[in-house]
Amino acid sequence: MSEILGTGGLILNEPLLWHKGKKGRIGMSIPASDVPAAPIDRHLLGEAVDFPDLSEVDVVRHYTRLSQWNFGVDSGMYPLGSCTMKYNPKTNERQAATPAIASAHPMLADDLCQGTLQLLYELQQFLATITGLDAVSLQPAAGAHGELTGMLIFHAWHRSRGSQRHKILIPDTAHGTNPASAALCGFKAVPVKSDEQGMLDPALVASLMDEDTAGIMLTNPNTLGLFEERIREIAAVVHAKGGLVYGDGANMNAVLGVIDVKHCGIDVLHLNLHKTFSTPHGGGGPGAGPVCVTRELEPFLPVPRAIKVGDRYRLDSDQPLSIGRIHAFHGNFGVLVRAYSYILTMGEAGLKKASQLAVLNANYIKEQLKDVLHLPYDRPCMHECVFSDHKQQEYKISTVDMAKRLIDYGYHPPTIYFPLVVHGAMMIEPTETECKDDIDQFIATLKIITKEAVEQPELLRQAPQRTKVRRLDEVQAARCPCLIGPSGD
Amino acid sequence: MRYLPHTPEEIAAMLATIGAPNLDGLFDTVPTDCRMTGSWSLPAPKNEWELNEHMRALASAMQTNNRTKVLVGAGSYQHHIPETVRNLASRSEFLTAYTPYQPEMAQGTLQGIFEYQTLTARLLGVDVVNASMYDGASALAEALLMGLRIAKKHKRVAVSKAIHPHYRAVVRAYLQPAGFEVVELEFLASGRTDLSGLADLDDLAAVALQSPNFFGVIEDLEGSGTAIHGVGALFVTCFTEPLAYGLLRNPGSCGADIVCGEGQSFGIAPSFGGPGLGMFGCKEPFTRNLPGRLVGETKDLEGRRGYVLTLATREQHIRREKATSNICSNQGICALTAAMYLASLGGTGIRQLARLNHDKTQYLLNSLVKAGARRLFGGPVFNEFVVEFPADFRPARERLLAENIVAGLDLGALYPELADCYLFCVTEMISKQTMDTIAAEVGA
């Protein structure tokens, strides 16, 4: 193995913002007033806001130093399972910053906004053709927001048929947000256990599905990184009892051009544009979670949506069955611009190749590591593979220790302790943008770590040691929460 | 394809390791009847030059651009964004990271969000602020759901009709399917909310006002809070223009229990309405009822100051269906951007900038009134106001548009009773000269 990535680095300390600066400094230009001062009722006036006064240099140094304590996809491999941390193309940032687009106001007449409306309309069309579904809303601001939208559509569809259902089936291999999203609509989550192959059994679904159950919310490929092979049978069972099928499409990066979502029997699907369509994750957002539906469910989609009339684009809100609005405007439009740019750049062949290579990388890692890490479901995976710490337990090393040791070697750890169906899970999603050399080095590193687990386990328990801070006391943070800095400090 | 690094030789070697005959063979577990058949209707792939050209064409289809003087707010504000904020927020260490699940590798994001929480708490006068919500509208819906959770048995909330109409629509979409009732409160001739009927509404968990409200009118928050608490309901306030609190009394000091709204004004481009920033805070007794992520301070093994995501037991991935919300990804980089902007302004600067917005707005309001317009609401305003014109304003508005000025928003579509009334917004971006041009058109 070549030289390891992680080093001590030159990491500078930096205080909290309010421990910097001097009263009277300012870090930005404010134009001089060209109008007379206007009186204001003193009862309305507040006290001066307790913010530090900083110069431009203070601000620049502060955030530059903070940024150096962070690790992003641009820093290195970030195989965080289920999160699809692929490369975020720079050109997409430029497109979103196009002046006439970045400055577009969301409340103006359609005639003034033909460019942004055209983009919305075309992206709706692109996502429909890519998934095989018929109609798309771009409003949801994140995956969980898309799930909520989907559940609102379930609710409205049942109501339009004069029924109200109270339960929803959610497999143990679905995404963690699903039960909370369903609960927001008043649905009670009924868990469905996956079998020893990590698959859902249509017979079990049939035994749980009844006329008080609105449908099923499943993730495909599921959170074990496996394709639900009997999805069509499951969908048929749910449909036969008057239910709907929700597909959590967070893992769509595995199957672009491979599956037709409608052929799978799915009625509603959300996509995570920040995963499959390469938009930057921003340290926790913004994302975008468009919802795609069948023709039958189109009337229930949020309003407004962009439509084309002749050669003009406009917003249509005239949909009496619609669930209404779920965002103040058009969702995270800037994220939509980036995803649109990505689709235009990749084209059909590029997107399909991306899925193939994502699955190639994950299977390659799975094959190379299954001798040193326990692989609970040994079968072909999709875009991610899930190991456990079973083999390391006899050395009293757990998943978290291996994850923290990876940090010292210069990698972001995989997703750990999820999915819950695997004890001590380690979920690795390399994505297609990692090359073979880097993946080989990652594999070699994990092999070294499993060796260290036997020979020098303390190295793992003490990891990470090369970072700005070492392991943090999360128990103390939750027991005595300190959520804001003290005032007057 | 420049984002895909694999050479044919590497693919062959990797397939051999896996034991798959070819790339298609990796998908053998996908049943034939689930497969995509036929091809997609997508344009041919564009190289970087072609993409730039395509986006230039879309941009030129816009009738507004970054030189347009937009005197419309209504939830999205044209403020100056310093180059430092743009530059720092685009640092890829921040931008290409994800939710800080591994705090040792994400102290930049975590300290940055902790600082955002702190600055926002100071601005709004609350004890706790979360790491962000999607936008102002969903933040208001979540605030009311939080109020319903706290009040437990009550099933009804009241919202002012002077709250942004889109926000009220989002509230209805979120609350009604779960069986909650949303009552709307009328506004008075002052433009403020009429709370006189509150006592007749039973079963109220929470009452929400916006201040400055959709008409730009500053609500009597303190008096409203007393009235709302008087009927035993929680007092929720929202905002679309938080810059106002650089000058005005903040909601926390007026007794608000939950405060939320849109933070796009703080260094974030309008971008056709998103991404923005859902700001969300509350008084301390309600901390564990908060939706969304929270960053807390703690110490590492060696006693050094550090930050982690905390109180996760409220959240969807731990509490599943009993979580306080389903939100996980939020508007991370937007919250960090807002903190950068507020740090650049400072306590002195935010006062000065808010004052400038206020003074310029008064100037335009006075000029329009002098030119013959009628001020519709008597209540005090910050940087938006509503006027009615003696004659049809549309021709003048068209002429101004030809001069690259968007003069106000016709309220008829949003409030049929306010047809032919216009909502104007003035920020520091609008010069006296532009305002004089508008007044001259009105007087013409």
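Rule-based calculations on the coordinates, nothing more; no lab input. Because the structure is a prediction, the values reported are computed rather than measured. All Cβ positions, even for glycine, are placed from backbone atoms using ideal geometry, and neighbour counts span all protein chains on display.
With each label modelled as a point 7 angstrom along the Cα→C-beta vector, the A:R61-B:R56 pair spans 4.2 nm.
Using the Cα centre as the reference, give the magnitude of the dipole from point charges on the C-beta atoms of segment B:84-148 (Lys, Arg: +1; Asp, Glu: -1; all else neutral), rounded to the nearest 20 debye.
With Lys and Arg at +1 and Asp and Glu at -1, about 200 debye.
With a 10 Å cut-off between alpha carbons and a GNM built on chain B, which of B:G274, B:G216, B:G246 moves the most? So, out of B:G274, B:G216, B:G246, the one fluctuating most is B:G274.
Once you have the Kirkwood Rh of chain A from its Cα pairs, apply Stokes-Einstein at 37 °C and 0.692 mPa s and quote D in µm²/s.
On the way: Rh = 25.0 Å.
D = 131 µm²/s.
With neighbours defined as other Cβ atoms within 10 Å of a residue's Cβ, the residues A:H19, A:H145, B:H358 order from fewest to most as A:H19, B:H358, A:H145.
Segment B:94-154 and segment A:1-30 have their alpha-carbon centroids 23 Å apart. In terms of the Cα gyration tensor, with a ≥ b ≥ c the square roots of its eigenvalues, is segment B:23-148 rounded because a/c is under 1.5, prolate because a/b exceeds b/c, or oblate? Note, shape of segment B:23-148 comes out oblate. The H on the amide N of B:N213, modeled in the peptide plane, is under 5 Å from the matching H of B:I218, B:E219, each at least 5 residues off or on a different chain.
Each semi-axis of the equivalent ellipsoid for the protein assembly as shown is √(5λ) with λ an eigenvalue of the Cα gyration tensor; in descending order they amount to 44, 31, 27 Å. Only one residue of B:S60, B:I81, B:P100 has its Cα farthest out toward the positive end of the dipole of segment B:60-160, where Lys and Arg carry +1 and Asp and Glu -1 on Cβ, and that residue is B:S60. Put the Cα centre of segment A:182-232 next to the Cα centre of segment B:169-189 and the gap is 33 Å. Can you say what percent of the DSSP beta bridges in the protein assembly as shown, counting only those with both residues inside, are antiparallel? Round to 5. Looking only at bridges with both residues in the protein assembly as shown, the antiparallel portion is about 55 percent. Counting, for every residue in A:377-390, the Cβ atoms of other protein chains within 10 Å of its Cβ and taking the mean gives 1. Reducing segment A:71-129 and segment A:327-376 to their Cα centroids gives an inter-centroid distance of 16 Å. Taking the Cα centre of chain A as reference, the dipole from Cβ charges on Lys and Arg (+1) and Asp and Glu (-1) amounts to some 480 debye. Short-range pairs are left out: with C-alpha atoms under 8 Å and at least six residues apart, the relative contact order of chain A is 19 percent.
Listing A:D473, B:D220, A:D267, B:D33 from fewest to most neighbouring C-beta atoms within 10 Å gives B:D33, A:D473, B:D220, A:D267. In segment A:1-98, with Lys and Arg counted as +1 and Asp and Glu as -1 at Cβ, which of these residues, A:I30, A:I40, A:Y87, has the Cα nearest the positive end of the dipole, that is, farthest along it? Projecting each Cα onto the dipole axis, the largest value belongs to A:Y87.
By the equivalent-ellipsoid construction on the alpha carbon gyration tensor, segment B:83-341 comes out with semi-axes of 31, 20, 16 Å, ordered largest to smallest.
Can you tally the net charge around A:G331? Count Lys and Arg as +1, Asp and Glu as -1, for every other residue whose Cβ sits under 13 Å from the Cβ of A:G331. Don't skip to the answer; put the middle values down first.
Numbers: positive: A:R305, A:R325, A:R338; negative: B:D135.
Local net charge: +2.
Largest GNM mean-square fluctuation among B:L356, B:L95, B:L248, using chain B with Cα springs under 10 Å: B:L95.
Say the dipole of segment A:92-344 comes from +1 at the beta carbon of Lys and Arg and -1 at that of Asp and Glu; which of A:L117, A:G265, A:Y340 then lies farthest toward its positive end? Of the options given, the answer is A:L117.
Could you give the size of the charge dipole of the protein assembly as shown about its Cα centre, using +1 on the Cβ of each K and R and -1 on the Cβ of each D and E, expressed in debye and rounded to the nearest 20? Don't jump to the answer; show the numbers that get you there.
On the way: 85 positive and 101 negative charges, 237 e Å.
Here the protein assembly as shown has a charge dipole of around 1140 debye.
Take A:H175, A:H239 and order them by how many other Cβ atoms sit within 10 Å, fewest up front. Ordered from fewest to most neighbouring Cβ atoms within 10 Å, A:H175, A:H239 come out as A:H239, A:H175. Near the amide H of A:G249, within less than 5 Å, lie the amide hydrogens of A:H270, all on another chain or at least 5 residues away, with H placed in the peptide plane.
Once backbone amide H atoms are built at 1.01 Å from N, B:C421 has B:L411, B:G412 as its partners under 5 Å, excluding neighbours fewer than 5 places away on the same chain.
Under a Gaussian network description of chain B, with springs only between Cα atoms under 10 Å, the residue in B:Y77, B:Y307, B:Y101 that fluctuates furthest is B:Y101.
Mind ordering B:381-389, A:367-375, B:37-45 by average Cβ neighbours within 10 Å, highest first?
On the way: B:381-389: 24.4, A:367-375: 17.7, B:37-45: 12.8.
Packing order, densest peptide first, comes out as B:381-389, A:367-375, B:37-45.
Note on segment A:349-474: semi-axes of the ellipsoid equivalent to its C-alpha gyration tensor, largest first and rounded to whole Å, are 25, 16, 13.
Among bridges DSSP assigns within chain A, what percent are antiparallel (round to 5)?
Numbers: 18 of 34 bridges.
Around 55 percent antiparallel, to the nearest 5.
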